[in-house]
Ligand SMILES: [Zn+2]
């Protein structure tokens, strides 16, 4: 077993340890079993003797659970630099930009798509993300959507079928919804855990979104939804009614939307994606209002080439604290345990005994530095299922 000791501040997300949601232990140690799971956590002085084959002293650094990024679009080709620059020069963002990436993705080889996805997955890992969701949605034909999900599966088991990202050019919307709910779903379901729909003006309306999620659930997939990103609308209500694990974006949530989310008691999480708002110069979601109403909030990157081209959860945490009214504690919880809730996972997002030994060693004495030192390279080492996968422990 591996023992990590000399941990100045250990965040476990186990409220039983200190009464708070983060379950902080000071001067802590963690034992990692040969099965890649947490075997023991507690104060260093209570570390049981004789179990560790190797003991690493982390010199007072903070350790937090690996980040759970529950919303990415990792598999794509091409680049939208020009679109971003034009938008920053004053042009408005609309959902249609997705079509540019669809054309580039269809034209790319499997090897190109795999290489790009692996590069971004490595980037995510190096910034502390140990659990990652990845969506299709840049293929929009039966074969291309299957291809994107197959490639997604090479980087994560948390794959999401997003055939309903946008209606492809020159296609009748109703006919496309029938395809998404029919032949495309049948072909994609074996490669996916989730189904998602972009419920937004310019993409899919409430009736279409309801039909798509219902078809996915009948095929054995869990529901999630892109909702209320660009304006107010029915997305959150559709997601809650479909028992979605998560309503994502929620930038334009009404009081009734927030009440509906709170009423699920954490069953449907609000996943906030502030880099998408930053990169489209939109207002950041009002996390404070949601938290005060009792909504369970997750934070994720939405890594995609159009509106949020980053895999950095530390950046998202800094934005959430600086611009969305979250405390440092809430933001870290939302980027770990919140992400796990948005994927309905109980084995990740915390460091209780039995959890997957996914953790991040920070070059800092406290998790607070994630927001306090935005942009600083604080991730010293990343451990996933008990193995050091990025950086080094000593
Ligand atoms: Zn998205």
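Only the coordinates and a few stated rules stand behind these numbers; no lab work does. Since this is a predicted model, take the numbers as computed values, not measurements. Cβ sites come from the backbone with ideal geometry, for glycine too, and all protein chains shown count toward neighbours.
Relative contact order, whole percent, for the chain stands at 20, derived from Cα pairs under 8 Å and 6 or more residues apart.
Can you compute the helix-only [θ] at 222 nm over the chain? Use -39500 (n - 2.57) per DSSP H run of at least 4 residues, normalise by all residues, nearest 500 deg cm²/dmol.
Values: 15 runs with 137 residues, N = 394.
Calculated mean residue ellipticity at 222 nm is -10000 deg cm²/dmol.
The antiparallel fraction among DSSP beta bridges confined to the chain stands at about 45%. Extending 7 Å from Cα along the Cβ direction at residue 154 and again at residue 126 yields two label points whose distance is 2.0 nm.
Model label sites at residue 18 and residue 388, defined 7 Å from Cα along the beta-carbon direction, differ in position by 2.6 nm. Overall, the anisotropy analysis places the stretch 67-342 in the rounded class: the square-rooted eigenvalues a ≥ b ≥ c of its C-alpha gyration tensor yield a/c less than 1.5.
Show me the ranking of peptides 353-361, 16-24 by mean Cβ neighbours inside 10 Å, starting with the highest.
Ranked by mean Cβ neighbours within 10 Å, highest first: 353-361, 16-24.
In percent, what relative contact order does the stretch 241-301 have, based on Cα pairs under 8 Å that are 6 or more apart in sequence? For the stretch 241-301, the relative contact order is 39 percent. Each of residue 219 and residue 27 was given a label point 7 Å from its Cα along the Cα-to-Cβ line. The distance between the two points is 5.6 nm. For the pair the stretch 45-123 / the stretch 200-241, the C-alpha centres are spaced 24 Å from each other.
I'd like to compare 175-184, 227-236: which one has the highest average count of other Cβ atoms within 10 Å, and what's the full order after that?
By packing density, highest mean first, the sequence is 227-236, 175-184.
Per-residue packing, averaged as other Cβ atoms within 10 Å, sorts the ranges 80-86, 328-334, 104-110 into the order 328-334, 104-110, 80-86, beginning with the highest. Cα centroids of the stretch 125-157 and the stretch 267-330: 21 Å apart.
Mean-square fluctuations from a GNM of the chain, with a 10 angstrom spring cutoff on Cα atoms, peak among 141, 159, 336 at 141.
Extension gain, residue 256 to residue 366: 0.36 nm times the residue separation minus the Cα-Cα distance gives 35.9 nm. Across the stretch 1-67, the relative contact order, built from alpha-carbon pairs under 8 Å that are at least six residues apart, equals 43 percent.
Comparing mean-square fluctuations of 381, 126, 219 from a GNM of the chain with C-alpha springs under 10 Å, the top value falls on 219.
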